[in-house]
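Undergrad: One structure follows; several queries about it will come next.
Read-outs: derived from the displayed coordinates by stated rules, not from any lab. Given the structure is predicted, the values throughout are model-derived calculations rather than measurements. As a convention, Cβ positions derive from the backbone with ideal geometry for all residues, glycine included, and neighbour counts pool all protein chains shown.
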Amino acid sequence: MTHTTIKLEESEKPLSAREAMMLAEYEHTIVKDFAAFYRVGQALAEINRLRLYRNEEGRTFKRYCRELWDMSKTQAYQLIDASGVYGHLQLQCENLLSANCGHLEEDSPERKLPLNEAQVRPLTKFKNSPEKITAIWQEASASAPNGKVTASHVNKTVRQYLGDKITKTVRQAQKKVSQTARVDFTEAFEKFSEQLLIERNSNYKYTSRGFIINTLDQLRAEIAEDGASIDEPAFQGGSDDANKLKRAGYSLFRADRTSMTLKRSGTGGWEKHSGPYATIKEMDAAFRTLLQDDMHLRG
């Protein structure tokens, strides 16, 4: 294979009209290829939703992904989630597979769409909150250095958003505790919650996020067992919306990290559906699979 080297002139000539058209065509091709993850994710979502992988007896979605595409089920779900986020952002634009939205102003942060799955991945945390996806992507686009949105910048924007949210939640909890608890408990809670913010701002460098969550979950479980059960009014006849959903045939599920089980709402509150699971990752994967059914809702 031979390569032709083109010697650049000291003063480059501006693009001709024909060259400008060629550039636009090539860039459009690049954008479409970068967005291929969206189409792959859509296809996998439909194969899973309609259980089209059952063309072989006993085949599961996990086995289908591994045998045909050399892909783990986790990777498949990542693509499915990413395509869902990208699909939402597409709704902000008229031109579905273009990095530009012609109807928007030149400087509008909505003008650009993600170019690859890596830029979308941090936003999948908010796959059930479309308004947050839009707000965070707009912020990442508007604050990107030199206007270039990278995956690391999107991730930084997500962390900043979550940090602001956590700080706000901690301040609200501190205020509520100070209004209802005795002084010594209030002081101890304030010191503990401030330390949580310190750990979070250090990216859990000294105390891991998993350790904090597991410890708090275990403590919560012990306190919950120390006395009569605490009813949840939403599933004790106190929520008209929840009752309407159940009468319509929907089932509500939740993941309980304390017991490492999936629970289903029943006549007496939350009842065990499956588990316990060995790891949170395994439980979350089972939860995602459960929610693929259109009649199953997150409780």
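Undergrad: Full-extension gain between A221 and R298, please, as 0.36 nm times their residue separation minus the C-alpha to C-alpha distance.
TA: 25.6 nm
Undergrad: Can you list the HN-Hα couplings for the stretch 188-196, worked out from phi with the Karplus curve (6.51, -1.76, 1.60; θ = phi - 60°), rounded to whole Hz and with x for Gly and Pro?
TA: 5, 5, 5, 5, 5, 5, 5, 5, 4
Undergrad: Once label points are set 7 Å from the Cα along Cα→Cβ at both S178 and N146, what is their separation, rounded to one decimal in nm?
TA: So the label points at S178 and N146 sit 4.6 nm apart.
Undergrad: Evaluate Rg over Rh across the stretch 183-229, taking Cα atoms for both radii and Kirkwood's formula for Rh.
TA: My calculation of the ratio gives 1.08.
Undergrad: If you don't mind, there's one more thing I want to ask. If I model a spin label as a point 7 Å beyond the Cα along the Cα-Cβ vector, how far apart are those points for E190 and I213 in nm?
TA: Distance between the two pseudo-spin positions: 3.0 nm.
Undergrad: In terms of modelled amide H atoms, which long-range or inter-chain residues lie less than 5 Å from the amide H of S274?
TA: HN-HN under 5 Å from S274: L262.
Undergrad: Measuring from label point to label point, each 7 Å out along Cα→Cβ, what is the A36 to A248 span in nm?
TA: Taking the two extended label points, one gets 4.0 nm.
Undergrad: While we're looking at this one, here's another question. Out of residues 5 or more away from G266 or on other chains, whose amide H comes under 5 Å of its own, with H placed 1.01 Å from N in the peptide plane?
TA: E271
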